[in-house]
Amino acid sequence: HVMAELPFMATEVILMECVKAGGDRQELHEAIRVHSMDAGAVVKGEGKANDLMERIANDPIFAPVHGKLESMIDPILFVGRAPGQVDE
């Protein structure tokens, strides 16, 4: 289930990386909102796989991160201290 939600979780990182590269935060936020809503509708309404990363990869506004998308959705980036806490 986490892998299906991971693209939604990564949107903040994607947004901030694009802003650092000179993108307009409001335009990027709106593009992410639209893509997220559309991807969510496909998942919930049609039962298909989450295609949010594909949508972002095909949108020129996100060009600054196109080459980094795979590394930006690495699950290890989103677990925080959980692995260490399990060992404690």
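Derivation of every value follows stated rules applied to the coordinates shown; laboratory data play no part. Bear in mind that the values here come from a model prediction, so they are computed numbers and not experimental data. Cβ placement follows ideal geometry from the backbone for every residue including glycine, while neighbour counts extend to all protein chains displayed.
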For Lys20, counting only aspartates and glutamates whose alpha-carbon sits under 16 Å away and dropping same-chain residues fewer than eight positions off, the answer is Glu12
Where in the stretch 27-62 are there trypsin sites (Lys or Arg not before Pro) that are in a DSSP coil and have at most 11 other Cβ atoms within 10 angstrom of their Cβ?
Lys48
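Tell me the mean residue ellipticity at 222 nm calculated for the chain from its helices only (DSSP H runs of n ≥ 4, each -39500 (n - 2.57), averaged over every residue, nearest 500).
Result for the chain: -18000 deg cm²/dmol, rounded to the nearest 500.
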Through the Karplus equation 6.51 cos²θ - 1.76 cosθ + 1.60, θ set to phi - 60°, convert the phi angles of the stretch 11-21 into ³J(HN,Hα) values in whole Hz; use x for Gly and Pro.
4, 5, 5, 4, 4, 5, 5, 5, 5, 4, 7
Obtain the nm distance between the two label points defined at Ala49 and Met9 by a simple spin-label model: each point lies 7 Å from its Cα along the Cα-to-C-beta direction.
1.9
Past the 19 angstrom mark, what percentage of all C-alpha to C-alpha distances in the chain do you count?
41
How high is the relative contact order of the stretch 28-88, in percent, with contacts defined as C-alpha pairs under 8 Å that are six or more residues apart?
23
On a full-extension model of 0.36 nm per residue, what is the gain between Ala63 and Arg25, subtracting their alpha-carbon distance, rounded to one decimal in nm?
12.3 nm
